[in-house]
1. Just from the alpha-carbon atoms, what are the Rg and Dmax of chain B in angstroms?
2. For the ranges B:342-348, A:50-56, what's the packing order if you count other beta-carbon atoms within 10 Å of each residue, average per peptide, and put the highest first?
3. Quick one: what are the phi-derived ³J(HN,Hα) couplings along segment B:266-276, Karplus 6.51/-1.76/1.60 with θ = phi - 60°, whole Hz, x for glycine and proline?
4. Residue by residue through segment A:74-79, what is 3J(HN,Hα) from phi via Karplus (6.51 cos²θ - 1.76 cosθ + 1.60, θ = phi - 60°)? Round to whole Hz and write x for glycine and proline.
5. Rounded to the nearest 0.05, what FRET efficiency is calculated for A:Ile152 and B:Asp132 with R0 set to 25 Å and r the Cβ-Cβ distance?
6. For B:Arg14, A:Arg116, B:Arg503, what's the largest-to-smallest order of accessible area, 1.4 Å probe?
7. Would you mind listing how long segment A:35-82 runs along its three principal axes, going by Cα atoms, in whole Å with the largest first?
8. Mind checking the mean number of beta-carbon atoms from other chains within 10 Å of the Cβ atoms in B:106-117?
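The values are calculated or read from the model by the stated rules, or taken from the named source; none is laboratory data. The model shown is predicted, which means the values in this text are computed figures rather than measured ones. As a convention, Cβ positions derive from the backbone with ideal geometry for all residues, glycine included, and neighbour counts pool all protein chains shown. Calculation scope for accessible area: heavy atoms of the full protein, side chains included, ligands and nucleic acids excluded. Shrake-Rupley method; radii C 1.70, N 1.55, O 1.52, S 1.80 Å.
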Amino acid sequence: MNKKNKYTISAFVQNSAGILNRITIVFTRRKINIESLTVSETERKGISRFTVVVNCTEQMVNRLQQQLNKVIEVYKVFISEDKDIIFNEIAFFKMQVKNKAANEKLQKIADSNNARVAHASAKFMVIEKTGSKEDITSLFYILEPYNILEFIQSGRIAILKNEEGMSDFLPEGVI
Amino acid sequence: MGKTADTKKATKPRKKEMLGSEAILEALIHEGVDTIFGYPGGAIMPIYDALYNYKDKLRHILVRHEQGATHAAEGYAKMKGHAGVCFATSGPGATNLVTGIADAMLDSIPMVCITGQVADHLLGMDAFQETDVIGVTMPVTKWNFQITNAEEIPQVIAKAFYIANSGKPGPVLIDVTKNAQFQKFKFAPQEYKDLKSYNPFKNGIGTSVEEAAKLINKAKSPMMFVGNGVLISKAEKVVRKFAEKTGIPVASTLHGLSVFPTSHPLYVGMLGMHGNYGPNYLSDEADLVLAVGMRFDDRVTGDVSKFLPNAKIIHVEIDAAEVGKIMKPTVTILSDAKRAMTQLLAKVKEKKHTKWHQKFVDCYDKEFKQVISKETHPKKGEIKMAEVIRRLSEQTKGKAVIVPDVGQHQMMAARYYKFAQTDSFVTSGGLGTMGFSLPAAFGVKTGAPNRTVISISGDGGFQMNIQELGTIAQENADVKIVILNNSFLGMVRQWQGMFFEKRYSFVNLVNPEFTIISKGYGIPAQKVTERKDLDAAIETMLKYKGAYMLEIMVEQEEDVFPMIPTGAAVRDIRLK
Ligand SMILES: Cc1ncc(C[n+]2csc(CCOP(=O)(O)OP(=O)(O)O)c2C)c(N)n1
């Protein structure tokens, strides 16, 4: 009952001023730390999708779902465990490039780790990696000895592993 | 233009050019508003200027503090069953509303607050009296919105009232920038029918009523808990019929008081920390609890893990977020209480639970002997709070609206007033806001002018909104004001006595002469120190046409019992 788990909350909301605040206070009030947060517009204009990753008990995540549903601007909230979703994150590694050898070495590492070089110049290179948090972390450790100038990682995006689409749970003409 | 186009045009309200400030008032009138509690200031001056021309359509009541406006609006809303309205200026005016808004939020009271705001080009500039009111009130409102363009007014005001009044009611705040108030535009009122992301009427009854009826029909020791939701949905009559048909003993939450007449044979008393012995103690033996429009507040459940160990629960609740929040129901009827109970009534069998009911009677007798008789009918010693309530109850025949403040006297009023009529107890239950009583009682009187309204405060809480004596005097409101003066912050003192080794830390008060203050406002007053004068003083107060204050000196160190100490199981309720 008190076991904590990783949950991905997908909330479909009306995109309006202050909505980010309205959503996050549901978490802060219960002292739930948000592990990652991604907000983007959906295929339907005016509706945004919040993807929030939290680590908490099942009871708490159900409560969060109920409370999010109470926010006037919220249309629909899904709670998923990792097995129910396709999810990924994206990361950029800005690497120092001292010489040609280093350049080749980094290029090789990128290739063997399913990453790509997004930008390369004489002094630095940006490696882009899409994958799970674990994939990104393991690449981080591989790259660490080569002098990471800067590293950034996005929040999770997730999509449900079922054949439903937005028109099933939010029929057209909703707004 | 063809004929059809013409008729279409006729059904649509014609747009009229006006200022944003006037449009706000027009929109309020369209929502059926006729009374506003407010206080002016710089950022809301255009609206107040417009109000000058609307004196015949809108009654504006000038309070003495914005917090007073909110509690008055709450009391008013409780009587009217729809949103009370407050006006305040930006900055300090708006922040003064916050306590009352939070109070309305926790007690599900519909309220619409309109605040002025600095002009939009000054937003975020730390301008004079600029506060981020939307940010401040977001966690304590059901919804809030900032209008920066007058064109938004018709839709936003309609939406504000729709949200405040529907589903589980609550407070809404609309912040209107000064430029929008000054803006000229073409106005026509709007209706709000549908909000796709918010659908309080789409509740899920489904097969739950059948399942609930089955459980009810075979229960051996069932109880019914009635709460605020019964009053909000006006389900008192059907709930009473239901109880009479099924013979189920009925217990009430603090907010459910007066749903049932106290004297009703099936009514077994109040739940919770200072509730009655029987319903608390015997809830342990219940095999079924039908919880109607109540939310298992921690002051009701005590230690949740030990609450209702033998009962299945049927939860009738309009707010899906309350379902399973504290107690896991066997059956949930997601609906307003009236609709659910009407359907349920048709499906339950007639029954009597005579033996089960007798247990409650026995418990009451025990409580009466050990607590109630001594409290309500003392022979000697100082005046007790409970006996004041008992005498008030007798003299008003249980028909007054009781508006207590927060503390010991509140629990005494809840315990000892014998309600004969519904909608007769207006209290700050969720937030427990000291200072609630005086302004709320004024709001109650404004909303229900034909009823006797009695504000009951402690000497502590009375001084938290004492300034509203000015509003009551100016409006000639017939509010009866009772102060039960024990020269202590009594409830805190009681806890220090019971749980902190009687270390009375900062709880004694050196008070002013309340009667002189009252008279200073032009409100007649009388101070009572002896039991023999009590009945006559109450009679004088009740007979007087207009506001009247009674300050009653009561026993200093009286404790409220029974009591379930915080964190204890309800079965461990103490009689002393
Ligand atoms: C605004 C506010 N501040 C503090 C409290 C905490 N509190 C609850 S009851 C109480 C004592 C109330 O004393 P009084 O008004 O004299 O009433 P009594 O308990 O003596 O009847 C206090 C301080 C509160 N409920 N509200």
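1. 24.8, 88
2. Values: B:342-348: 17.4, A:50-56: 20.9.
Result, highest mean first: A:50-56, B:342-348.
3. So the Karplus estimates, Gly and Pro as x, are 8, 7, 10, x, 9, 7, x, 2, 10, x, 7 Hz.
4. Per-residue couplings from phi come out as 8, 8, 7, 10, 10, 10 Hz.
5. Numbers: r = 30 Å, r/R0 = 1.19.
Given R0 = 25 Å and the Cβ-Cβ separation, E is 0.25.
6. Working: B:Arg14 210, A:Arg116 130, B:Arg503 165 Å².
If we order B:Arg14, A:Arg116, B:Arg503 from most to least accessible, we get B:Arg14, B:Arg503, A:Arg116.
7. Between the extreme Cα coordinates on each principal axis of segment A:35-82 lie 34, 22, 14 Å.
8. On the way: counts 0, 0, 0, 0, 0, 0, 0, 0, 0, 0, 0, 0.
Taking the mean over all residues of the peptide, I get 0.
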